[in-house]
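The structure under discussion appears below in the form of structure tokens.
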Amino acid sequence: MNTLQKKPMSRDAMLTLGAAVIGLVLLFVFDSTFDRFTMQIFKLCAINIILALSLNLINGFTGLFSLGHAGFMAVGAYTCALLAMTPDQKATNFVLQPIAPWLLDLHLPFLPALLVSGLIAGFIGWFLGVVALRLRDDYLAIATLGFSEIIRVVLTNTQSITNGSLGLKGIPRYTTMWWAWGSAVVITLFLVLLIKSSYGRAFKSIRDNEIAAESMGVDVFGMKVLSFTISSFLAGIAGGLLAHYLTTIDPKQFIFLKTFDILLIVVLGGVGSITGSIVAAIVVTISMEALRFLDGPLNLGFMVTNGVPGLRMVFFSALLMVVVIFRQQGLMGTSEFSWDSLSRIGLLPKRGPKSGKGGE
Amino acid sequence: MNKIVSCLTVAAAMAVGLSMVSCSKPATDSDVIKIGVFEPLTGANGAGGADEYDGIKLANKLFPEILGKKVQLVAVDNKSDKVEAANAATVLAQKEKVNAVIGSWGSSLSMSGGPIFAEAKIPAVAVSATNPAVTKGNEYYFRVCFLDPFQGVVGATYAFNTLKAKKVAIIREVSNDYSVGLAKFFADEFVKLTGDQGAIVATSDYNTGDQDFSAQLTNIKKFEPDAIFAPGNYTESALIIKQARALGINAQFIGGDTWDMAAFLEVGGPAVEGAVFSTFFANDVPINKTSESFLKSFRDEYKKEPSAVSALGYDAYLVILDAIKRANSAEPQKIRDALTQTKDFEGSAGAITINAERNADKAAVFKTVKDGKFAFLTTVKPQ
Amino acid sequence: MDLQTFLQQFVNALSLGSLYALIAIGYTMVYGILRLINFAHGDVFMIGGYLAFYGVSTFLMPWWLAVCLAIVVTTVFGVGLERVAYRPLRDSPRISIMISAIGASFLIENLAIVLFDARPKAFPVSNLFAGNHVIGGVHIAAVSLIIPVVTAVLLAVLLWIVHRTKTGMAMRAVSTDIDAARLMAIDVNRIVSITFAIGSALAAIGGILWALKYPRLEPLMGIMPGLKCFIAAVVGGIGSIAGAVLGGLLLGLIELMTIAVLPELTGYKDAFAFVLLIMVLLVKPTGLLGKNQGEKV
């Protein structure tokens, strides 16, 4: 840091500190004032942020098109639920076929259970990565999609472990706002640091030009596997949070179309932008609810249409098409939020001419 | 670090702003009683949800008022998806502040909404969710239909006593909790009745949405079963029967309430002729006054034959109205307490008595397919 | 397993496999030219089935007319899809085109839910195809006899187009190197449109035959067959028409014969195709009949 830059930095630092304090205060306020519905959506925003970020790490930052996220979420959700439920809760679920005895007494508090679910999803991701990351582009996409379907089929058929199609219900509602947003914040921090580190640069070099990266001495395969493993780990965590948010899970909800929902968020936000994923996750999650009126009868002023269930999803899929065709970079492209960008659009006073550091 | 925190703050602020926008509707109007309709109107269970909704809408049209207040239906689509179902349930409970809820088709969707209704202390009445777990341990969930264990038992009894079957094969829809449960209850009872551990000669699985069952059926064929029990989705089941006949399997097919759909006949065509299944309601034999008036108004209104779940949807609405009348209040807690006292209520699909487990003790109806139509066979009462 | 059961299972597998093969050809054509997984292929297939359904049951057309019209309209639809969703992105990164393909598939499915209704419809099967034959104790549905014939005829026609006509030569040129083809004065857009037209027509025929064999229509009916036929195309060697047929037959055989031999695995049936895919990709990524095309730098 040279001295010239020191002053503007401290402005940013103060802004950041202020924003962090305001953010914390806001979370406290929300926690006490939001009604259940708003809170529910607010928590879902955080879970979707984690999912979008983890998919963006692999798709956006490392340039590997993976469609296996639903599978890793499923692994995380099941692991976390089965570990965090008490033996009694588990026993009431397994009505058709008794639960495997070794699993019945396995019980962990929420945090370790969540971490274990991330680790197991990460391990499976590592394994799949080692096997499938030799493939490129569309082959990788279809192989990972296939893998997530295999996971779902296995979950459906291993009744003494997962309770099969009956799913699990009565999972304790551990995912409070603090857990959801706390995890989202920690994971965002972790990812920002990761992307800025030499690992992050290696990921991006692979995305931009694999052959050039290799000739510069980047361990391309190792880095791909690492990125894939971290991404699966995070998807597992999000799955665990989701299980304890919904309190009931079954294999059908982790069909590969779930991955497309997350992909929608990533593409809208900008493939390769953390800020974009966060903003898009929030916008999409809330508008999914806010646009619910589309499914019901519409009053167009001159006429009232009958309810057309499904119109909402038409809107979202059309939006996805429009963005891909007309604004491929999505909301943010690969750029990130910074205080300077606010200066640039006039929301903050401009700094001296030396300050043009900008986002990356 | 700066960027991270700041961008999170902006994000959170946005989230709040948008959340506010999305839930701006104020609390309820006290002159209106709101009944939430919690059904899948799209997705895999869309057809079932729509049929139930038809019955509910009809009931609302015929009986739009109670205690001098207007009854308003608030429908939310849970999209046959658990996450959506949880959100939709929260909308009903928190945003719309409904007085009671009807639904959902599909037990797993009901289970997704169950804890949310219970926490909001709003009574919910399931229409055709037959899984025991829906009402188990949930003080606010009721139902107007029978349960799978009962349906499994009557199915096995019918196969053993009436069809004189000795060997039965089972085809389950392994990704469907309803099918897996019913298959198990049927198998246990059938083994007990025959006293033969090998009475279930084969069990085969398929997944929701599968279209080719020839391999499973060819495997079953060599065991020469007297009957095949195939609980599952109606279109898959119709395809199974069709393909079985094409493979020269002449065994009697037995199914559950999910077959009671017009599409079962359309997809199956002549192949499903003679298939037997248990269900809630027969529209060719009115059993009481309510069913007569229901059948007449339904045919007038929709120009089609009602399916069993339409009748149950109609009943669920009436049961709630009856509870409001007896409670003389539309307060959710009072409706709930009144619902527990429901006794011998004459619904279109038979008398409803809510027992201590919040389930309805009801008779099952057996139907068959005759000349391309459903035909009533017999009624089996609970013991 | 006795001989008769084995033969029956074998016939079952062939009849399913030849249907897979038919749809896989369409996949392989499009992929061979554009290197694009047309995720929406399965949805085009669904549209074909629905159009024939509406032709027969709503517009009361004669059977043959409804089928011909359905094929024509689906073909136009497929060409339009390429224009709107893929052509603007031809020079974009692969990932964008793939997202566009997924988005298109998503949009068609959701539109179909709104337009056609989510409730399954029964496909009206003409008496021509409703029969059943018994040969040596083995039961064969009449449709199952027609499907392999149709597949074989279409295979012959396609091979003729690709290898014996000028358009076919242009297709092969575009498939080998799109830029060089352009330099050779080949109208690439026209060739791509023709390819999509052929692919969509095949999807429509596949959709209608599928609906004849499994007479149930629903908006999401194309997803699984679409994925499985893509897998069949990959297994056979993507870009190779004969490979697609081989891959389709092989996939049908593996799916059904595994269950025939190991009945306890029935619940896992949907996973077989994906396991096969992953294994083939690892052992021989170019597929059984695929040519090795070096990665372009």
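Number of residues in the range B:111-150 that are farther than 14 Å from B:I354 by Cβ, charged (D, E, K, R) and either modelled with pLDDT of 90 or more or not in a loop (DSSP other than H, G, I, E, B) (or both): the value is 3. Per this entry, B:N138 is counted among residues that are at negative phi and within 12 Å of another protein chain (Cβ to nearest Cβ). Restricting the search to the range A:128-162, which residues are acidic (D, E) and at pLDDT 85 or above? The answer is A:E149, and nothing else. For the structure I just gave you, tell me whether B:K304 is surrounded by fewer than 19 Cβ atoms within 10 Å (Cβ to Cβ), without any contact (Cβ under 8 Å) to a residue 24 or more places away in the chain and out of contact with any strand residue (DSSP E or B) (no Cβ under 9 Å at 6 or more places or on another chain). Criteria not met by B:K304. Residues in the range B:37-91 that are more than 13 Å from B:G113 (Cβ to Cβ), in a strand (DSSP E or B) and not charged (D, E, K, R): B:I66, B:V71, B:Q72, B:L73, B:V74, B:A75.
Is one or more of the residues making up the range B:250-263 under 17 Å from B:R143 (Cβ atoms), β-branched (V, I, T) and part of a helix (DSSP H, G or I)?
Yes, that holds for at least one residue.
If you check B:S329 against the conditions, is it part of a helix (DSSP H, G or I), assigned by TED's automatic domain parsing to the domain that holds B:Y140 and among the hydroxyl-bearing types (S, T, Y)? It is false that B:S329 is part of a helix (DSSP H, G or I), assigned by TED's automatic domain parsing to the domain that holds B:Y140 and among the hydroxyl-bearing types (S, T, Y).
Going by what's in this entry, would A:N306 be described as modelled with pLDDT under 75 and more than 12 Å from chain B (Cβ to nearest Cβ)? Lay out the reasoning, then the answer.
On the way: modelled with pLDDT under 75: yes; more than 12 Å from chain B (Cβ to nearest Cβ): no.
For A:N306, the condition - modelled with pLDDT under 75 and more than 12 Å from chain B (Cβ to nearest Cβ) - is not met.
Taking first residues from the range A:238-257 that are at positive phi and partners that are part of a loop (DSSP other than H, G, I, E, B), the Cβ contacts under 8 Å between residues at least 6 apart in sequence or on separate chains come to A:T247/A:G170; A:T247/A:I171; A:T247/A:P172; A:T247/A:R173.
Which of the residues spanning the range C:125-137 are at the interface with chain B (Cβ under 9 Å from one of its Cβ atoms), surrounded by 14 or more Cβ atoms within 10 Å (Cβ to Cβ) and either aromatic (F, W, Y) or out of contact with any strand residue (DSSP E or B) (no Cβ under 6 Å at 6 or more places or on another chain) (or both)?
Filtering the range C:125-137 down to residues at the interface with chain B (Cβ under 9 Å from one of its Cβ atoms) leaves C:125, C:130, C:132, C:134, C:137.
With surrounded by 14 or more Cβ atoms within 10 Å (Cβ to Cβ) added as a condition, the list becomes C:125, C:130, C:132.
Hits for the range C:125-137 are C:V125, C:A130.
Within the range A:30-45, restricting attention to residues that are at pLDDT 80 or above and more than 8 Å from chain B (Cβ to nearest Cβ), which residue is surrounded by the fewest Cβ atoms within 10 Å (Cβ to Cβ)? It would help to see each step written out before you state the result.
Our first condition is that a residue be at pLDDT 80 or above; within the range A:30-45, this holds for A:38-45.
Applying the additional criterion that residues be more than 8 Å from chain B (Cβ to nearest Cβ) yields A:39, A:43.
On the way: A:M39: 19, A:K43: 23.
Among residues in the range A:30-45 that are at pLDDT 80 or above and more than 8 Å from chain B (Cβ to nearest Cβ), the one surrounded by the fewest Cβ atoms within 10 Å (Cβ to Cβ) is A:M39.
For the range A:79-94, a residue qualifies if it is among the aliphatic types (A, V, I, L, M), assigned to a helix (DSSP H, G or I) and under 30 Å from the mean Cα position of the chain (by Cα), and the qualifying residues are A:A81, A:L82, A:L83, A:A84. Of everything in the range B:221-235 that is within 20 Å of B:T258 (Cβ to Cβ) and modelled with pLDDT of 90 or more, the residue that is surrounded by the fewest Cβ atoms within 10 Å (Cβ to Cβ) is B:A227.
Could you tell me which of the residues B:D205, B:D177 is within 14 Å of chain A (Cβ to nearest Cβ), without any contact (Cβ under 8 Å) to a residue 40 or more places away in the chain and either surrounded by fewer than 24 Cβ atoms within 10 Å (Cβ to Cβ) or not aromatic (F, W, Y) (or both)?
Working: B:D177 fails: without any contact (Cβ under 8 Å) to a residue 40 or more places away in the chain.
It is B:D205.
Residue count for the range A:265-285 satisfying the condition of being surrounded by fewer than 24 Cβ atoms within 10 Å (Cβ to Cβ) and in contact (Cβ under 8 Å) with a residue 24 or more places away in the chain: 1.
Of all residues in the range B:211-239, exactly one satisfies the criterion of being more than 9 Å from every other protein chain (Cβ to nearest Cβ) and hydroxyl-bearing (S, T, Y), namely B:S237. So, of the residues in the range C:89-132 that are outside any helix (DSSP H, G or I) and under 22 Å from the mean Cα position of the chain (by Cα), which turns out to be nearest to B:L41 (Cα to Cα)? The selected residue is C:P120. Taking into account only those residues within the range C:203-218 that are within 9 Å of chain B (Cβ to nearest Cβ) and of a type outside the set (D, E, K, R), which is surrounded by the most Cβ atoms within 10 Å (Cβ to Cβ)? The residue in question is C:W210. If the condition is being more than 14 Å from chain A (Cβ to nearest Cβ) and not in a helix (DSSP H, G or I), then the range C:25-76 contributes C:T58, C:F59, C:L60, C:M61, C:P62. When A:K196, A:K169 are checked against the criterion of being over 14 Å from the mean Cα position of the chain (by Cα) and more than 24 Å from B:N138 (Cβ to Cβ), A:K196 stands alone in meeting it.
Exactly one residue out of A:S32, A:S66, A:S54 is in a loop (DSSP other than H, G, I, E, B) and among the polar types (S, T, N, Q): that is A:S66.
The values are calculated or read from the model by the stated rules, or taken from the named source; none is laboratory data. Just so it is clear, the model here is predicted, and its values are computed rather than measured. Ideal geometry is used to build each Cβ from the backbone, glycine not excepted, and the neighbour counts take in all protein chains shown.
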